Amino acid sequence: MPRVKRVHRFSSMPSSRQTAQFAPPQCGQKPGGKARSAEREKDKRLRIFYFIDTLNIGGSENQMVQTACRLDRSRFQVTVGCLRVQGPLLAHVREAGFDVVEFHPKGGVDSFSGLLTTLRLAWFLRRERFEVVQTFDLYANLMGIPAAWLARTPLRISNRRDLGSLSWYTPRKRAVLRKILGLSQVIVVNSEAIRNFMIQEDGYSGEKIRVVRNGIDADQFSLIRTNRSEVLPGLWPEDKVVTMVANMNFPEKGHADLIEAAKSIYARIPQAKFVLVGDGRERQGLEQRAKEAGLAGRVVFLGRRTDVPQILKCSDLSVLPSWAEGLPNVVLESVAVGTPVVATRVGGIPEIIEDGVSGLLVPPRDPAALGSALIRLIEDPELAARMAARAHETLCERFSFSRVLQEFQSLYLHARVYR
């Protein structure tokens, strides 16, 4: 059983989250010192620092944890850093034996507290002699890349996984982000759509941007076995289950469009049932919207779940009606378990699903088109099965984790060139 590592916290102010389970280092237990320096001199592995906002369930978080766990530990030593050490994936990181450190800016990354925490992170990176710092989401970019630049970390890899559709991306903040990402030698994106957007809309240099599509272990997903009555109790065998997996923090995910489309679907197919997996500040309003639409018993809100692949496996269709996306993990997972997909034609989704061949794509913000596409596949299960099989072939060809590891490792092995 791997040794469980202590979580070290480096907050600019005392954190209310400091508990006995995740205690800060006590006097005499701080990392570093002569003994640790001597140990590092003997260890020839490349020292890598992964930095992310939290370890909650999400595409970026899952990709980071999966990559860390699959890297060759005889060649690479990974430490995981978070702005907030919280979330279900923390258990996986701890079980794998990784050091986890927290740098929590209590007033936000753009506050005075955030500045102090960035300086503490820079000191930590310099002291621990990391050769690679890789950030995995927006807020980790904002703190991690400047800290790595101040620490003179040889290789700094930033990350962009969206098309700038969120309200955060004001013109001023986009300009600031462009300068921060400019401090990294490589900007990793997970789709050609994001790369093209960054070049055309924000003026980034294409030479810096590297496309590394998300990876997924198709063989592992193919082994999943489920029982619908256990995973989704309360459903009848004849129910046609349409599942959407997405956080409910932003209207851009398109939950409201699905609820609107569900009215016409239910009118034509009374056995249709809509399962929404996820949580967030939009949930209460969405529940009210479903009730007002007369769908209170047909739209089921499951909240956050850790068995998403099992839920997708026992669904008839997977739907993602987002207004903007990067390369969504849930589409990859749906394809991996063999569930047909209906999604919007945005971001990197067309790089996974070919419309009419391996799934159906519709315009964003178009509930009528969304409803028609879902009805088509519900009423033609043979067509849906053929599309799912073709999507699975594409997945195995283009989205394997072995490819992700090969591309990242080729980046990491250039780290010492930058010294």
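Structural remarks
- Against the list (1) in a helix (DSSP H, G or I); (2) within 23 Å of E333 (Cβ to Cβ); (3) of a type in the set (S, T, N, Q), the condition Q288 fails is (2).
- Here S158 does not qualify as small (G, A, S) and at pLDDT below 95.
- When residues of region 248-262 are limited to those that are in contact (Cβ under 8 Å) with a residue 60 or more places away in the chain and under 13 Å from G371 (Cβ atoms), the one nearest to the chain's Cα centre (by Cα): G254
- Pair list, Cβ < 6 Å and 6+ apart or interchain, from region 110-139 residues that are over 12 Å from T153 (Cβ atoms) to residues that are among the hydrophobic types (A, V, I, L, M, F, W, C) and in a helix (DSSP H, G or I): T118/M143; T118/A147; F136/M64
Yes or no, residue by residue, for (1) on the phi > 0 side of the Ramachandran plot; (2) modelled with pLDDT under 95; (3) surrounded by fewer than 21 Cβ atoms within 10 Å (Cβ to Cβ); (4) part of a helix (DSSP H, G or I):
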{"site": "M143", "(1), (2), (3), (4)": "no, no, no, yes"}
{"site": "A148", "(1), (2), (3), (4)": "no, no, no, yes"}
{"site": "T153", "(1), (2), (3), (4)": "no, no, no, no"}
{"site": "M198", "(1), (2), (3), (4)": "no, yes, no, yes"}
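- Selected residue (only one of V245, V277, V308 is under 23 Å from G87 (Cα atoms), among the aliphatic types (A, V, I, L, M) and without any contact (Cβ under 8 Å) to a residue 40 or more places away in the chain): V277
Condition check ((1) exposed (fewer than 15 other Cβ atoms within 10 Å of the Cβ); (2) over 27 Å from G278 (Cα atoms); (3) assigned by TED's automatic domain parsing to the domain that holds V300; (4) not basic (K, R)) across all residues:
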| site | (1), (2), (3), (4) |
| --- | --- |
| K179 | yes, yes, no, no |
| I187 | no, yes, no, yes |
| I194 | no, no, no, yes |
| Y204 | no, yes, no, yes |
| N227 | yes, no, yes, yes |
| D239 | no, no, yes, yes |
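- As a summary of the residue check, L138 satisfies the conditions (1) among the aliphatic types (A, V, I, L, M); (2) touching a Pro at 6+ places or on another chain (Cβ under 8 Å); (3) surrounded by 20 or more Cβ atoms within 10 Å (Cβ to Cβ) except for the one numbered (2).
- Extreme residue, farthest from the chain's Cα centre (by Cα), among residues of region 176-196 that are more than 28 Å from W123 (Cβ to Cβ) and outside any loop (DSSP other than H, G, I, E, B): N196
- Flag if V186 is closer than 26 Å to I52 by Cα and in contact with a Lys or Arg (Cβ under 6 Å, 6 or more places away or on another chain): yes
- Residue-level analysis places I265 among those that are of a type in the set (A, V, I, L, M, F, W, C), within 19 Å of R365 (Cβ to Cβ) and in contact (Cβ under 8 Å) with a residue 40 or more places away in the chain.
- Identification of helices (runs of 4 or more DSSP H) wholly contained in region 353-419 with 3 or more residues that are modelled with pLDDT under 95 yields 381-398, 401-412.
- Residues in region 304-338 that are touching a helix residue (DSSP H, G or I) at 6+ places or on another chain (Cβ under 8 Å) and more than 21 Å from H392 (Cα to Cα) were compared, and the one that is surrounded by the fewest Cβ atoms within 10 Å (Cβ to Cβ) is R305.
- Reported count of residues in region 321-341, each being within 13 Å of K253 (Cα to Cα) and either of a type outside the set (D, E, K, R) or modelled with pLDDT of 95 or more (or both), is 7.
- Filtered residues of region 349-397 (kept if acidic (D, E) and in contact (Cβ under 8 Å) with a residue 40 or more places away in the chain): E351, E354, D366, E379
- Checked against the criterion of being surrounded by 19 or more Cβ atoms within 10 Å (Cβ to Cβ), in a strand (DSSP E or B) and assigned by TED's automatic domain parsing to the domain that holds I375, the candidates V300, V275 yield just one match: V275.
- Scanning region 105-117 for residues that are touching a Leu at 6+ places or on another chain (Cβ under 8 Å) and crowded, with 22+ Cβ neighbours inside 10 Å yields a count of 1.
Results for (1) buried (at least 20 other Cβ atoms within 10 Å of the Cβ); (2) hydroxyl-bearing (S, T, Y); (3) touching a residue at least 60 places away in the same chain (Cβ under 8 Å); (4) not assigned by TED's automatic domain parsing to the domain that holds F98, shown as yes or no for each residue.
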position	(1), (2), (3), (4)
R45	no, no, no, no
I48	yes, no, yes, no
F51	yes, no, yes, no
T79	yes, yes, no, no
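- T243 vs. criteria under 23 Å from E393 (Cα atoms), assigned by TED's automatic domain parsing to the domain that holds V275, under 19 Å from the mean Cα position of the chain (by Cα) and not aliphatic (A, V, I, L, M): yes
- Filter result (part of a loop (DSSP other than H, G, I, E, B) and in contact with a Gly (Cβ under 8 Å, 6 or more places away or on another chain)) within region 337-351: P340, G347, G348
The values are calculated or read from the model by the stated rules, or taken from the named source; none is laboratory data. This structure is a prediction, so every number in the text was calculated from the model and none was measured. No Cβ is skipped: glycine too gets one built from the backbone with ideal geometry, and neighbour counts run over all protein chains shown.
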